[in-house]
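Have a look at the structure below before the remarks.
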Ligand code: NAD
């Protein structure tokens, strides 16, 4: 099936081509992000394959539908960039990838926590400059601390298990209770109990209307002073301006984010030779107790291999008229 693959990077091309070896779909790799301006590049493609920062809103979907697209396959778990309702109205199927290594993201969240708490990135920069001083590098033991997990699905539960292994108390908040979370020793709490009680807060829920800015000035004010916030989920979960205000007063003791509210115009590209106009991200990276990575938590060999395999399987299933197991919910 002729498929336009937007936001292609070299690794997408390598892994998707390998996954497509037997299926033999006609893949058209495009570096561009999908927007209303670039949608015409997919003319004649029955399927369009997108990533997290492509813009698949109602306007773009209408262009795609008029050009003959019948399937949108996102190479991600989250699908907040796609207007699933509009797609359904246009007769376009939308599929995602739910079954890829959740360890990739959970392990990265733990890495971010260790790096920001123990100032590992800062220490590495120092030693490269011949500075072996310890002043300013003190962290705290994770053993015995309380970690809050917002969203106890696949990734949140694995993160929780690792934190329990560190000897932490783990509190969880979710719309639905996950028996596996409780069986391993996690305890559910209301946000009223969880937020003030935690030394570390890690976000693992999807971005929805309900969860947008779930971390805001009000919740940050209720947090334990000096708490660390980790976000590997979606940038829109955190009110970034509020986080900056809390960092300035020391109310927030550390912040490590792999996702950022305005990441679409920044991430997955090399802007090191340009002037970055986003003052918020520039302020963030100026804090010594902030770590920003560019949406790389999923980026392991295992996860990428599975993402591409599932994407090709979905395209093949659609072409064969078979059931789509990874169809996104329409709500
Ligand atoms: P999942 O569906 O298994 O788990 C999400 C959990 O969030 C579910 O238990 C769900 O009930 C809960 N939830 C939904 N709405 C909620 C609300 N309003 N309040 C509290 N909890 C709520 O998903 P997952 O595979 O664990 O992925 C979690 C998120 O991680 C994804 O939505 C995606 O945004 C993000 N993610 C990021 C990367 C990355 O590279 N940084 C990669 C993959 C996924």
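The values are calculated or read from the model by the stated rules, or taken from the named source; none is laboratory data. Quantities reported herein were computed from a predicted structural model and do not represent experimental measurements. Here the Cβ is made from the backbone with ideal geometry for all residues, glycine too, and neighbour counts use every protein chain on show.
Tabulated results
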{"quantity": "Count of residues meeting criterion [loosely packed, with under 11 Cβ neighbours inside 10 Å and within 22 Å of residue 302 (Cβ to Cβ)] in region 107-152", "calculated": "0"}
{"quantity": "Filter result for the condition that a residue is in a loop (DSSP other than H, G, I, E, B), surrounded by 14 or more Cβ atoms within 10 Å (Cβ to Cβ) and in the same structural domain as residue 166 (by TED's automatic domain parsing), over 207, 247", "calculated": "207"}
{"quantity": "Residue within region 293-314 that is over 20 Å from residue 100 (Cα atoms) and either within 16 Å of the ligand (Cβ to nearest atom) or not assigned by TED's automatic domain parsing to the domain that holds residue 13 (or both) present", "calculated": "yes"}
{"quantity": "So residue 195, is it part of a loop (DSSP other than H, G, I, E, B), crowded, with 22+ Cβ neighbours inside 10 Å and within 16 Å of the ligand (Cβ to nearest atom)", "calculated": "no"}
{"quantity": "Residue match in region 262-280 (condition: more than 18 Å from the chain's Cα centre (by Cα), part of a helix (DSSP H, G or I) and touching a residue at least 24 places away in the same chain (Cβ under 8 Å))", "calculated": "yes"}
{"quantity": "Options 4, 58, 62; residue that is buried (at least 16 other Cβ atoms within 10 Å of the Cβ) and touching a helix residue (DSSP H, G or I) at 6+ places or on another chain (Cβ under 6 Å)", "calculated": "4"}
{"quantity": "Residue list for region 7-27, filter: surrounded by fewer than 17 Cβ atoms within 10 Å (Cβ to Cβ) and touching a strand residue (DSSP E or B) at 6+ places or on another chain (Cβ under 6 Å)", "calculated": "13, 26"}
{"quantity": "Count - residues of region 170-192 that are touching a strand residue (DSSP E or B) at 6+ places or on another chain (Cβ under 8 Å) and not in a loop (DSSP other than H, G, I, E, B)", "calculated": "9"}
{"quantity": "Exclusive hit being modelled with pLDDT of 95 or more and closer than 20 Å to residue 8 by Cβ, set 314, 265, 273, 286", "calculated": "314"}
{"quantity": "Number of positions in region 63-87 that are over 16 Å from residue 42 (Cβ atoms), touching a strand residue (DSSP E or B) at 6+ places or on another chain (Cβ under 8 Å) and touching a residue at least 60 places away in the same chain (Cβ under 8 Å)", "calculated": "2"}
{"quantity": "Any chance residue 225 is away from the ligand (no atom under 12 Å from the Cβ) and part of a loop (DSSP other than H, G, I, E, B)", "calculated": "yes"}
{"quantity": "Among (1) more than 23 Å from residue 76 (Cβ to Cβ); (2) more than 12 Å from the ligand (Cβ to nearest atom) - the single one residue 188 does not satisfy", "calculated": "(2)"}
{"quantity": "Verdict on residue 213 being within 14 Å of the ligand (Cβ to nearest atom), assigned by TED's automatic domain parsing to the domain that holds residue 140, in contact with a helix residue (DSSP H, G or I) (Cβ under 8 Å, 6 or more places away or on another chain) and at positive phi", "calculated": "yes"}
{"quantity": "Region 33-52: number of residues that are in a loop (DSSP other than H, G, I, E, B) and surrounded by 15 or more Cβ atoms within 10 Å (Cβ to Cβ)", "calculated": "8"}
{"quantity": "Wholly within region 64-167, helices (runs of 4 or more DSSP H) carrying at least 3 residues that are away from the ligand (no atom under 16 Å from the Cβ)", "calculated": "84-89, 120-128"}
